[in-house]
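Inspection log for the structure reproduced underneath, given as structure tokens.
The values are calculated or read from the model by the stated rules, or taken from the named source; none is laboratory data. None of these values were measured; they are calculated from a predicted model. Every residue, glycine among them, receives a Cβ derived from its backbone with ideal geometry; neighbour counts consider all protein chains shown. Quick note on the areas: whole protein, heavy atoms, side chains included, nothing else; ligands and nucleic acids left out. Shrake-Rupley method; radii C 1.70, N 1.55, O 1.52, S 1.80 Å.
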Amino acid sequence: MWNRPLIAILLSFLAGLLFGALFLPQHSPWVIVLSVLAIFIILVPWIISHKTRFQIILPGFFLLGTFIIQHGYHQSDLLPWAEQGKRVTIEGVVLEPSKRMRDRVRLVLRADWILLKGRERRVNDRILVNIFREGRAFVSGEKIRFPARLRSFRNFNNPGRYNYELAMQVRGITCAASVSDGRRIVSMGRGRLGFPRGLLEKVRGPVRELFAESLSPDDRALYRALVLGERQELTPEIREPFDRAGLGHILAVSGLHIGLVAWLVFTAAIFSLSRSYRLVLRFSLRKAAAILTCLPVIAYACIAGFQVSSQRAMIMVLAFLLSLVLEREKDLWSTLALAALVVLAINPLAIFSLSFQLSFFAVTGILWLTPVLHRKMFQSNWNLEGKKTFFSQVLAYAAGLLSVTLSATIFLLPLTAFYFHRISLVALPANLLVVPVMGFWVLPLGLMASLSLPFSQPLAAFFLRLGAWGLEWIRGITGALTQFSWSSIWVITPNILELLLMYGLLFFLFFSRRRRWAKAGLWLVLLLMTVDVFYWGYRTQFNPHVKITFLDVGQGNSALVQLPGRKRMLIDGGGYPGNFFDTGRMIVAPFLLKEKIRRVDYLILSHPQSDHMNGLGFIAAHFNPREFWSNGDPAQTSVYRELMAIISSKNIKTRTPLELAGGMEVSGVKIDLLHPPAAPGDSPGQGDNLGVNDRSLVLKLTYGGVSILFPGDLEKAGEALVVSRAGSSLRSDVLMAPHHGSRGSCTKAFLEKVRPRVVIISCGKGNTFGFPHRDTIRRIKEVKGRVIRIDRAGAVELTITPDGLGIRSFLGGKVTR
């Protein structure tokens, strides 16, 4: 490592960034002290001659990292008001074309002014604006003014969560604004985008119009993503086949795209310059070609909007071109370290960016594994070196492409499982077939169309139509490879320790034949992996306790019951009206996979409303439930029809109150159905008149002398009926608050029968319904119940053991015992 000082410096800098982000508060007062210390430690060794001065510098770069990460956080003017949910009038400039979603129009705005309490204030924030009704298309540079409610970004606080707040920080977006009616938005003409965004938009705007006029909607969406870096028109229907095929990376301008452009330009430059005998004698063609390649690389990054991902890719490619100019191209590891240092110095929060991690891990895998794989698979057997025939050159290219693709795929596999919970089994053939078409056909023709547009629109349109044939070919390949259900599989999610063990296995395996210490490390990693497998095997297959996790799904309900042994039960799946956000796929499934759960035996729907039902479809489709329990009420929604179609197609056994009457015992846990009646005749004159909430399934689970009651969305009428029918059977230690703690639920009579020690309320933070109502909280406290709100505590985990009931929350740790 000391022979490559940039690598050691990068590791020290990375450690400083992580320490500053994880252990120091944002905008810490220690930042100034750290910066002075960093400069002192870095500069002093250069003044004092010493053999170990390089080792002395490393702590300086560590401190520099802790200093720089603090300046990566944007000082927001709007965030304090967003956290209070203030209503304000905002004036600003649209930064990128709007995106139309199922139930809203979304855009990114640079907020310049706000009007609050009759006073105008100057601000400087990038915000995410959601327009829910009468939303229209907005273009980059349009100046608008509108009333809105500010809100801060919020994570769903469950184990295995996606850190949405951090993702928005990385993008430089500080908060969100909600507009209930798009007709309230006033257009104020063109605004100032600033430099260089305003200049870039003058180039990108005509290209965007050319795509709209010359291409079909699907082709336009793909070309906008490939050339302009705009993903606004990529619908889930377009993205899903690419994700299943392991090709999602080609839909975002990254190192692959800019690297392909650089390779094509560099090759063309070498070919053109070599035609001149005089140039060959006077200049180094590789250096000249590298210098000439820089301009097209920068131009493509600009056409792609000079977004964060394209900036990183450009810096990486320019670093490699610089190494050619300096004749250091053989030291690729130092070049990669230099590129990473530059990227992180410009945007330190990029260390948490998924695109940064995937890009640099992919290049690391290619540099590390490709020579070995290529030598083992091809050079030792085929002996392609030195052969100049056309067939041998094609074969050599194919062998190189296969080695590179396989290296990147292998090295990214743990990271892919960690972030996406899914692995494509057709990724290797898909990339081998699609990347050349994209790199040598579709992308060059799209860029040629963009460059020729100022001179001839018919010529530009002609290039686009030729490129569209390539897109048809790509979609055909993708569709053919993903038509089988096994083309991609959902996998259990490794934790951080397991991620390190996987990469440790690769590292020690690589050096095990040449280094004795690597063999010892390999045996240690294998031992730790064996212990990990046995630990999770015991926890998921032979668990002796009952564990219930009340998930944070926002304004909705979802709870996972892990029964003794290996059986699991999911009660409701959360959801949002319009199903614009799939809680099953985005919240419940990642939690299950983080817990190493691939099967949910019992799927329970308390009643068919969106905030309980809409997340169950994905779970039913991918987690192989044996039984589906419901109250038997249908719903006239597409989500309900899709859910029932999945249940029917997978031959999942359905149970209604008639089959559930009398209760049952599963893995030692007693389950009683308390409501609704098994048939309307069981409760004359009442059952038929109940609303959808009051017909919720009411289940009582009892194990080890501890009872938990799940009453769905019962309100006053339903609670009265349950009290009259169940009476003292309602007595429970833990109550899931009915109807999210609304004013009409948790009546005094109901609570006096339940007498809960703990009441868990599942509601969304700052929800528009005002849940939980203060009167409900007061009534719960009157019966001496302890309230735990999921919107404040995060997911709540109950464990029933011989020692009693243990309760932990995701944000607050241990709550009670």
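Step by step: first the residues of the range 68-82, then only those that are outside any loop (DSSP other than H, G, I, E, B) and surrounded by fewer than 19 Cβ atoms within 10 Å (Cβ to Cβ), then the one that is modelled with the lowest pLDDT. Which residue is that? Step through it out loud before you land on a result.
Taking the range 68-82 first, the residues outside any loop (DSSP other than H, G, I, E, B) are 68-71, 79-82.
Keeping just the survivors that are surrounded by fewer than 19 Cβ atoms within 10 Å (Cβ to Cβ) gives 71, 79-80.
Numbers: HIS71: 74, LEU79: 92, PRO80: 91.
Here the residue is HIS71.
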Any residue at all in the range 760-768 that is without any contact (Cβ under 8 Å) to a residue 60 or more places away in the chain and either in a helix (DSSP H, G or I) or of a type outside the set (Val, Ile, Thr) (or both)? no
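When the residues of the range 505-516 are narrowed to those that are in a helix (DSSP H, G or I) and closer than 22 Å to GLY365 by Cα, which ends up most open to solvent (accessible area, probe 1.4 Å)?
Going residue by residue through the range 505-516, those that are in a helix (DSSP H, G or I) are 505-511, 516.
Narrowing the set further to residues that are closer than 22 Å to GLY365 by Cα leaves 505-511.
Working: LEU505: 49, LEU506: 42, PHE507: 79, PHE508: 45, LEU509: 100, PHE510: 53, PHE511: 47 Å².
Taking the candidates together, the pick is LEU509.
I'd like the residue in the range 420-476 that is among the charged types (D, E, K, R) and part of a helix (DSSP H, G or I) and, out of all such residues, is farthest from VAL588 (Cα to Cα). Spell out how you get there, then give the answer.
At the first step, the residues of the range 420-476 found to be among the charged types (D, E, K, R) are 422, 465, 472, 475.
Narrowing further to those that are part of a helix (DSSP H, G or I): 465, 472, 475.
Values: ARG465: 43, GLU472: 35, ARG475: 31 Å.
Among those residues, the one meeting the criterion is ARG465.
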Residue hits (the range 557-612; in contact (Cβ under 8 Å) with a residue 40 or more places away in the chain, of a type in the set (D, E, K, R), open to solvent by 10 Å² or more (accessible area, probe 1.4 Å) and not in a loop (DSSP other than H, G, I, E, B)) are LYS594, ASP611
Can you pull out the residues in the range 752-778 that are touching a helix residue (DSSP H, G or I) at 6+ places or on another chain (Cβ under 6 Å) and either open to solvent by 10 Å² or more (accessible area, probe 1.4 Å) or farther than 29 Å from ARG87 by Cβ (or both)? LYS753, VAL754, VAL759, LYS765, PHE771, PRO772
Does the range 526-556 hold any residues that are under 29 Å from the mean Cα position of the chain (by Cα) and surrounded by 18 or more Cβ atoms within 10 Å (Cβ to Cβ), and which are they? THR540, LYS547, ILE548, THR549, PHE550, LEU551, ASP552, VAL553, GLY554, GLN555, GLY556
Say we look at the range 629-657 and pick out the residues that are without any contact (Cβ under 8 Å) to a residue 24 or more places away in the chain and of a type in the set (A, V, I, L, M); which of these is surrounded by the fewest Cβ atoms within 10 Å (Cβ to Cβ)? ALA645
Of the residues that make up the range 294-301, is at least one more than 21 Å from SER334 (Cα to Cα) and in contact (Cβ under 8 Å) with a residue 40 or more places away in the chain? yes
Criterion: over 26 Å from PRO458 (Cα atoms) and of a type in the set (Lys, Arg) - qualifying residue of ARG220, ARG208, ARG224, ARG192: ARG192
What number of residues within the range 431-461 are within 20 Å of VAL203 (Cβ to Cβ) and either out of contact with any helix residue (DSSP H, G or I) (no Cβ under 7 Å at 6 or more places or on another chain) or open to solvent by 40 Å² or more (accessible area, probe 1.4 Å) (or both)? 8
Determine the pairs where a residue that is in contact (Cβ under 8 Å) with a residue 24 or more places away in the chain and open to solvent by 20 Å² or more (accessible area, probe 1.4 Å), located within the range 140-161, has a partner that is part of a strand (DSSP E or B) and of a type in the set (Asp, Glu) with Cβ atoms under 9 Å apart, the partner being 6 or more residues away or on another chain. LYS143/GLU91; LYS143/ASP112; ARG145/GLU91; PRO159/GLU797
Given the conditions (1) modelled with pLDDT under 95; (2) closer than 28 Å to VAL546 by Cα; (3) not charged (D, E, K, R), which single one is not true for TRP629? (1)
Which is touching a residue at least 24 places away in the same chain (Cβ under 8 Å), open to solvent by 60 Å² or more (accessible area, probe 1.4 Å) and among the aliphatic types (A, V, I, L, M), of ALA137, ALA176? ALA137
For the range 477-504, give me the residue count where each residue is open to solvent by less than 40 Å² (accessible area, probe 1.4 Å) and in a loop (DSSP other than H, G, I, E, B). 4
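For the range 698-735, which residues satisfy the criterion of being more than 30 Å from ASP803 (Cα to Cα) and not in a helix (DSSP H, G or I)?
Just the residues of the range 698-735 that are more than 30 Å from ASP803 (Cα to Cα), to begin with: 713-725.
Selection gives ASP713, LEU714, GLU715.
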Pairing a residue in the range 730-742 that is free of Cβ contacts under 8 Å to residues at least 60 places away in the same chain and open to solvent by 10 Å² or more (accessible area, probe 1.4 Å) with any residue that is in a helix (DSSP H, G or I) and not polar (S, T, N, Q), where Cβ atoms lie under 8 Å and the two sit 6 or more apart in sequence or on different chains, gives ARG731/LYS753; ARG731/VAL754
Conditions (1) over 23 Å from GLU83 (Cα atoms); (2) open to solvent by less than 10 Å² (accessible area, probe 1.4 Å); (3) assigned to a helix (DSSP H, G or I); (4) of a type outside the set (S, T, N, Q) -> CYS746 fails only (3)
Can you say whether ALA635 is in a loop (DSSP other than H, G, I, E, B), among the small types (Gly, Ala, Ser) and at pLDDT 90 or above, as far as the supplied structure shows? yes
Please verify whether the range 355-365 includes one or more residues that are assigned to a helix (DSSP H, G or I), over 33 Å from the mean Cα position of the chain (by Cα) and surrounded by fewer than 17 Cβ atoms within 10 Å (Cβ to Cβ). no
Residues of the range 302-325 being free of Cβ contacts under 8 Å to residues at least 24 places away in the same chain and among the polar types (S, T, N, Q), which ones? SER323
Search the range 185-200 for residues that are over 19 Å from GLU230 (Cα atoms) and free of Cβ contacts under 8 Å to residues at least 60 places away in the same chain and pair each with any residue that is β-branched (Val, Ile, Thr) and not in a loop (DSSP other than H, G, I, E, B) when their beta-carbon atoms are under 8 Å apart and the residues are at least 6 apart or on different chains. ILE185/ILE131; ILE185/ILE144; ILE185/VAL179; VAL186/ILE144; SER187/ILE144
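Considering only the range 556-581, how many residues are over 23 Å from MET736 (Cα atoms) and out of contact with any helix residue (DSSP H, G or I) (no Cβ under 6 Å at 6 or more places or on another chain)?
Initial filter on the range 556-581 (over 23 Å from MET736 (Cα atoms)): 565-566, 578-581.
From the residues that got through so far, the ones that are out of contact with any helix residue (DSSP H, G or I) (no Cβ under 6 Å at 6 or more places or on another chain) too are 565, 578, 580-581.
Adding up the residues that qualify gives 4.
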Please go through the range 269-303 and give me each residue that is open to solvent by less than 50 Å² (accessible area, probe 1.4 Å) and either of a type in the set (Lys, Arg) or under 22 Å from VAL253 (Cα atoms) (or both), ordered by number. ALA290, THR293, CYS294, PRO296, VAL297, ALA299, TYR300, ALA301, CYS302, ILE303
List pairs: first residue in the range 506-533 and over 25 Å from LYS594 (Cβ atoms), second residue modelled with pLDDT of 90 or more and of a type in the set (Lys, Arg) anywhere in the structure, Cβ distance under 7 angstrom, at least six positions apart or on different chains. SER512/LYS519
If we ask which residues in the range 389-430 are within 29 Å of the chain's Cα centre (by Cα), open to solvent by less than 20 Å² (accessible area, probe 1.4 Å) and hydroxyl-bearing (Ser, Thr, Tyr), their number turns out to be 3
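Taking the range 87-120, which residues are assigned to a loop (DSSP other than H, G, I, E, B) and closer than 23 Å to ARG192 by Cβ?
Taking the range 87-120 first, the residues assigned to a loop (DSSP other than H, G, I, E, B) are 95-98, 101-104, 117-118.
Passing the criteria: LEU95, GLU96, PRO97, SER98.
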